[in-house]
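Only one structure is covered here, and it is reproduced in the block below.
FYI, it's all coordinate maths here, none of it is from the lab. These numbers come from a predicted model, not from an experiment.
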Amino acid sequence: MNRRRLRKLVDEVARDLALPPDATHQEASRRVCELMSERLGRRVDVRFAAITNAVCLSGATALLENGTYLVICADSPSWYHRLHVLLHEFAHVLLEHQPVALSRDEGLRRLAPHLLPRMAKIIAGRTTLTEDEEREAENLADHLLERLTEHRVWADTAEEPAHVRRVAESLEGRSRWVRRGDL
């Protein structure tokens, strides 16, 4: 994807997410799931699972026989990390990458929470995405995450001591200044 198309897509998604300035990473994650559902025109179920022993897997998306989508996301204690995983899965949708299709029997497994890690491995083993598609989705997710977190003081980090916030804000200001090429 060329830079111009990437920038246009990131602008469009950021606008459609319409996050308020005081949104938390958890609220942003919820809104990403809602927008994903709107874009697909179908229900999207998100399940957080302890994904262990799955090489380089932090999330996966599957189309179930009943027409709904299932997104499995690493059960990270950090909503920032969960947001990034969800943005990566949403990026696949935006890029029109084809998800894994699960049969009725496999879809029923999602109803038993103790089977979620096994299901995640099934999805990981059956994915048809190429390395280039994964790289393209990760690039888009990185740009989306940067846009969503740029110029924003997140409410879920407001408990940091004042001196830590001041240092972070000063570094954030410098980063914006350098990015704009004003150096």
Output wanted: per-residue J couplings in Hz (rounded whole) for the stretch 67-74, from phi through Karplus 6.51 cos²θ - 1.76 cosθ + 1.60, θ = phi - 60°, x for Gly and Pro. x, 8, 9, 10, 10, 9, 10, 4
From the phi of every residue in the stretch 81-96, what ³J(HN,Hα) in whole Hz does the Karplus formula 6.51 cos²θ - 1.76 cosθ + 1.60 yield, where θ is phi - 60° and glycine or proline is x? 5, 4, 4, 5, 4, 5, 5, 5, 5, 5, 4, 4, 5, 4, 8, 6
Once the piece of chain linking R30 and E134 is laid out straight, how much longer is it, given 0.36 nm per residue of separation minus the C-alpha distance between them? 35.2 nm
Table column - 3J(HN,Hα) (Hz), the stretch 29-45, Karplus curve with 6.51, -1.76, 1.60, x for Gly and Pro: 4, 4, 5, 4, 5, 4, 5, 4, 5, 4, 5, 7, x, 9, 5, 10, 9
Cα gyration tensor shape of the stretch 15-93, rounded if a/c is under 1.5, else prolate or oblate by comparing a/b with b/c: oblate
